[in-house]
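Engineer: Starting off with a structure, shown below.
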Amino acid sequence: MTTHLVWLRNDLRINDNTALTAACRDSKAKVLALFIATPQQWQQHDMAPKQAAFIHQNLCLLQETLAERGIQLHYHQCADFSASVDHLAEFCQQHQVDALYYNYQYEINERERDAAAEKRLDAQGVICQGFDDSLLLPPGSVQTGSNTMFKVFTPFSRAFVRRLHQGLPECHHAPKARAEAPLSAGKKIPAFDYPMEQIDASLFPAGEEAALKQLRHFGKQSVQHYPDVRDLPALDGTSRLSPYLAIGVLSPRQCLHRILKEHPDALNEGKSFTWLNELIWREFYRHLMVAFPALCKHQPFIDWTHNVEWQKNAAHLNAWQQGKTGYPIVDAAMRQLNHLGWMHNRLRMITASFLVKDLLIDWHDGERYFMQQLIDGDLAANNGGWQWAASTGTDAAPYFRIFNPTTQGERFDKQGEFIRQWLPELAAVPDSDIHQPHVWAQKNNKKLDYPAPIVEHKDARKKTLDAFERARGAA
Ligand SMILES: Cc1cc2nc3c(=O)[nH]c(=O)nc-3n(C[C@H](O)[C@H](O)[C@H](O)COP(=O)(O)OP(=O)(O)OC[C@H]3O[C@@H](n4cnc5c(N)ncnc54)[C@H](O)[C@@H]3O)c2cc1C
């Protein structure tokens, strides 16, 4: 009997899993699955303890669903990617694996690991098959007329949609139960030897079923309202599917097909298209990362921004991280991040802009801190978002566009509904003063357990503009 092995990484699902589908195609083959935890590598990649916990929860559920279908999920923990290749090779020998199936990851270290694995297994006579799976369209498949990667999002998105009109990527059903099914799930997967933090299960319940339920609900009830409410953090107006997409509990194809099922016209602009366009941003950053691998090494896209003289101010960085800057919208957002491991997109833009353009702190510090907290941490999206906010990226906000954190708060959280959720110390401040509580406290001779702004926006703005202009001049 031939034995097929599916090497699972960030594709923790049985539905629409390209490698798993391929491994199961031969109904007579024995199919095994393997997940290798690599805590030292995760530490180097700044994986958030909440994301580690979410991976663990989803892996445990996946072990059960695979066993119901007659596929045993094996688990191993080792230090890093290099050790994981050693284990994979041993595993294949021990279980007499004939063919390995896996879905590509596009980051540099991951690609190097996979190349090393293929070389090792090839020498052992194991056939290796890799698949594009985590994107709607593979990197390199959406290009300009001169066969280069787009550097600007809007034309990329238009070309992307044209490609989708030519043919939609197929969505695979979960594999049928194998002859051996059901198996007992096997040894319970132990906690990773990595810090793991509790997740709010009411917001992010683990498992494919939960993810699909959320997707169905969003597609039916919310996607048509998305353009109107997506920027209002007090409302539940976005899908909150990012944690599932980041570790592959859900695929972007499932998202696309679900939206098209509810709104067949969604690819032709309209309200549901606004949401699909966000999925295309996800694609854009991953395609960029493959075209420009230096992004994986956190290099800025715009070279002269290397010259910006960032301020090293540990107290300011700490105040930003802890949500104690004296700017309520920034502080509420950072506390949402610290508590949930998730932050609303508008707030990610505001807080990132504040760190870089008000505190003039190196965007790498923010990128790293986000990664260490986010349940949906994803190198390409996080790096793309930070480089956008810091004006160092391709198609980024121009350096002279600087958000005013007070007016951003007034615009997107007018009555301070969101702010009040996260800053209980401002409960006594009236709505009309919620964005400048220190002014209200001074005027009314009140004492607040909340800091005054750590920088004055107007002065900070000028300092930042000067720093960027000097850097550009030096280049
Ligand atoms: C500084 C900064 C850092 C970010 N870091 C991450 C990150 O580590 N991981 C991550 O998944 N997203 C990141 N984003 C993008 C975005 O903020 C989140 O994807 C979004 O807030 C997730 O919430 P949602 O699922 O409700 O999104 P929705 O608005 O419902 O969007 C649907 C999906 O589209 C994708 N998406 C949406 N916006 C973007 C975007 N701007 N770039 C790339 N993909 C997008 C996500 O997969 C998201 O789940 C970052 C943005 C910024 C500005």
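Engineer: Could you check how much of the accessible area of the chain is carbon and sulfur, as a whole percent, using a 1.4 Å probe?
Structural biologist: Answer for the chain: carbon and sulfur cover 49 percent of the accessible area.
Engineer: Between Gln94 and Arg120, what is 0.36 nm times their sequence separation minus the Cα-Cα distance? Round to one decimal in nm.
Structural biologist: So the extension gain works out to 7.9 nm.
Engineer: Hey, another quick one. When you count, for each residue, the other Cβ atoms within 10 Å and take the mean per peptide, how do 158-169, 70-81 rank with the highest first?
Structural biologist: On the way: 158-169: 14.2, 70-81: 18.7.
Going by the mean number of other Cβ atoms within 10 Å, highest first, we get 70-81, 158-169.
Engineer: Relative to the longest principal Cα axis of the chain, at what angle does helix 208-217 sit, 0 to 90 degrees, rounded to 10?
Structural biologist: Result, in degrees: 50.
Engineer: Students often forget the sequence filter, so: which aspartates and glutamates lie under 15 Å Cα-Cα from Lys261 once same-chain residues fewer than 8 apart are removed?
Structural biologist: Correct list for Lys261: Glu170.
Engineer: Label Ala191 and Lys213 with points 7 Å out from Cα along Cα→Cβ: what is the distance between them in nm?
Structural biologist: 2.6 nm
Engineer: Here's a follow-up. Lys463 versus Asp26, label points 7 Å from Cα toward the beta carbon: distance in nm?
Structural biologist: 6.5 nm
Engineer: What residues qualify as long-range amide H neighbours of Val6, i.e. H under 5 Å apart, gap of 5 or more or another chain, H built at 1.01 Å from N?
Structural biologist: Result for Val6 returns Leu32, Ala33, Leu34, Tyr101.
Engineer: Moving on to the next point. What ranking, highest mean first, results for peptides 397-409, 232-244, 143-155 when packing means the other Cβ atoms within 10 Å averaged over each residue?
Structural biologist: 232-244, 397-409, 143-155
Engineer: Report the charge-dipole magnitude of the chain in Debye, nearest 20, computed about the Cα centre from +1 at each Lys and Arg Cβ and -1 at each Asp and Glu Cβ.
Structural biologist: On the way: 51 positive and 54 negative charges, 135 e Å.
That gives the chain a dipole magnitude of about 660 debye.
Engineer: List, in order, the whole-Hz ³J(HN,Hα) value for each residue of the stretch 184-192 obtained from phi through the Karplus relation with A = 6.51, B = -1.76, C = 1.60 and θ = phi - 60°; use x for Gly and Pro.
Structural biologist: These are the phi-based 3J(HN,Hα) values: 6, 4, x, 5, 5, 6, x, 4, 5 Hz.
Engineer: I need the calculated FRET efficiency for the pair Val229 and Asn307, taking r as the beta carbon distance and R₀ as 35 Å, to the nearest 0.05. If you can, show how the numbers build up before the last one.
Structural biologist: On the way: r = 40 Å, r/R0 = 1.14.
E between Val229 and Asn307, to the nearest 0.05, is 0.30.
Engineer: With a probe of 1.4 Å, find how much accessible area the chain has per residue, and write the answer as a whole number in Å².
Structural biologist: Per residue, the chain has an accessible area of 44 Å².
Engineer: Treat the stretch 303-474 as a sphere of radius equal to its Kirkwood radius over Cα pairs and apply Stokes-Einstein at 37 °C in a medium of 0.692 mPa s; give the translational diffusion coefficient in µm²/s, rounded to a whole number. Present the calculation step by step, with values, prior to reporting the outcome.
Structural biologist: Numbers: Rh = 16.3 Å.
Once the numbers are plugged in, D ends up at 201 µm²/s.
Engineer: Going by average Cβ neighbours within 10 Å, how do the peptides 366-376, 202-212 rank, with the highest at the top?
Structural biologist: 366-376, 202-212
Engineer: Next up: For the stretch 3-131, compute the orientation-averaged projected area of the C-alpha convex hull (one quarter of its surface), in nm². Intermediate values should be presented prior to the final figure.
Structural biologist: Working: hull surface 29.0 nm².
Value for the stretch 3-131: 7.2 nm².
Engineer: With each pseudo-label sitting 7 Å past Cα toward Cβ, what's the Asn445-Ala474 distance in nm, one decimal?
Structural biologist: The two pseudo-label positions are separated by 5.0 nm.
Engineer: Report the convex hull volume per residue for the chain, counting only C-alpha atoms, in Å³.
Structural biologist: Given the Cα convex hull of the chain, per-residue volume reads 152 Å³.
Engineer: If you don't mind, there's one more thing I want to ask. What does the charge count near Val31 come to, summing +1 for each Lys or Arg and -1 for each Asp or Glu among other residues with Cβ under 12 Å from its Cβ? Spell out each step's value before the answer.
Structural biologist: On the way: positive: Arg25, Lys28, Lys30, Arg69, Lys176, Arg178; negative: Asp26, Asp98, Glu180.
Result for the local shell: +3.
Engineer: Relative to a virtual label point 7 Å from the Cα of Asn318 in the Cα→beta-carbon direction, which members of the stretch 370-386 show backbone nitrogen distances below 16 Å?
Structural biologist: none
Engineer: Give me the net charge for the shell around Tyr369: Cβ to Cβ below 13 angstrom, other residues only, Lys and Arg +1, Asp and Glu -1.
Structural biologist: -2
The values are calculated or read from the model by the stated rules, or taken from the named source; none is laboratory data. Note that the coordinates shown come from a computational prediction; the quantities given were computed from them, not determined experimentally. Glycine also receives a Cβ, built like all others from the backbone with ideal geometry; neighbour counts cover every protein chain displayed. Only protein heavy atoms, including side chains, enter the accessible area calculation; ligands, DNA and RNA are left aside. Shrake-Rupley method; radii C 1.70, N 1.55, O 1.52, S 1.80 Å.
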